[in-house]
């Protein structure tokens, strides 16, 4: 088949007519507006109300591109649920600030912390995911992934006061359940034992209960795996079974120190 004809067929059979860049641009601008990150201040209440109405109308157009319904109820549901989402994000920002001695202000967290941006986009996307809105939730979270290196599937269920420290390389799968006051570091994977299509409607990813800390590069797999509350999961561990509450899990490795000049060997230390 001529390649141009193949492309023509692809466009003819495309299900949705949407502007991916516009969808990404919307959540980026919305985030900056609601967390006071724009250069120009909204000094009047009327200015804020006008901007919110503008965002609401723009969001209606975006939803229409995937629902074929100009009066889609998801727009109203999303903006009605917005105060609750915003309250959760304020708790997340406060938890990040409280847990990071390097953070000098809440403004610094909102302006510059990739973990907070990824969490915020996830929470907005999750609200649409619960309403079975196609494509947009995943476009939003993959946009955050591309900007931060943090991959949170919009289907995951994440409680309040969630802290991501550093964040690069984190993966949180679709059926992951995370409780309140959980903190995870860079490189953590909350994944599945195996990835096959017939597992689509099953719980494939772990449950992390309240007040758990998971250090860098830990891998926790499986839908039946539960990390009990107050557990501390050390770096570089590989976990495929449940961990009791209040446990400390760590990987014990061996580091060898040698002199790089032959014939002048020091005592070998194991750390």
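All of the numbers you see were taken from the coordinates with simple rules; none came from a lab. These numbers come from a predicted model, not from an experiment. Neighbour counts are summed over all protein chains in view; Cβ atoms, including those assigned to glycine, are modelled from backbone coordinates with ideal geometry.
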- Item | Isotropically averaged projected area of region 192-233, using the convex hull of Cα atoms (one quarter of hull area), nm² | 3.2 nm²
- Between residue 160 and residue 56, what is the label-to-label distance in nm when each label sits 7 Å out along the Cα-to-Cβ direction? 2.6 nm
- Cα-based Kirkwood hydrodynamic radius, region 1-74, one decimal, Å: 14.9 Å
- Angle in degrees between helix 3-13 and the longest Cα principal axis of the chain, rounded to the nearest 10: 70 degrees
- Item | Fewest-first sequence of 41, 123 by Cβ atoms within 10 Å of each Cβ | 41, 123
- With Cα atoms, 0 to 90° folded angle of helix 45-67 axis to the chain main axis: 90 degrees
- What is the distance, in nm, between label points placed 7 Å from the Cα along the Cα-to-Cβ direction at residue 201 and at residue 98? 4.1 nm
- Rank 80, 157, 58 by mean-square fluctuation in a GNM of the chain with C-alpha springs under 10 angstrom and give only the top-ranked residue. 80
- Note on the structure: Computed from every Cα-Cα pair in the chain, P(r) in 5 Å bins starting at 0 and rounded to whole percents is 1, 5, 10, 14, 15, 14, 12, 9, 7, 5, 3, 2, 1, 1, 0, 0, 0
- Just grab the label-to-label distance for residue 65 and residue 258, each label 7 Å out from Cα along the Cβ direction, in nm (one decimal). 5.8 nm
- Could the peptides 232-241, 45-54, 84-93 be put in order, highest first, of the mean number of other beta-carbon atoms found within 10 Å of their residues? 84-93, 232-241, 45-54
- Could you state the angle between the C-alpha long axis of helix 73-99 and the longest principal axis of the C-alpha atoms of the chain, as a value from 0 to 90 degrees rounded to the nearest 10? 30 degrees
- Based on the Kirkwood radius over alpha-carbon pairs, what value in µm²/s does the Stokes-Einstein equation return for the translational diffusion coefficient of region 1-150 at 10 °C and 1.306 mPa s? 93 µm²/s
- Residues 78, 117, 3 arranged by fewest to most Cβ contacts within 10 Å: 3, 78, 117
- Rounded to the nearest 500 deg cm²/dmol, what is the calculated helix-only ellipticity per residue at 222 nm for the chain, with -39500 (n - 2.57) per DSSP H run of length n ≥ 4? -14000 deg cm²/dmol
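Please report 39, 122, 113 as a ranked list, fewest other C-beta atoms within 10 angstrom at the top and most at the bottom. Working shown, then result.
Details: 39 5, 122 28, 113 21.
So the ranking, lowest neighbour count to highest, is 39, 113, 122.
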- Message: Quick check: the distance between the Cα centres of region 153-173 and region 87-124, to the nearest angstrom?
- Response: 12 Å
- Grab the alpha carbons of region 116-160, take their convex hull, and tell me the volume per residue in Å³. 57 Å³
- Query: For residue 2 and residue 147, what does the FRET efficiency come to when R0 = 45 Å and r is the distance between their Cβ atoms, rounded to the nearest 0.05?
  - Reply: 0.75
- Note on the structure: Rh_Kirkwood(region 145-271) over Cα pairs, Å, one decimal, evaluates to 15.7 Å
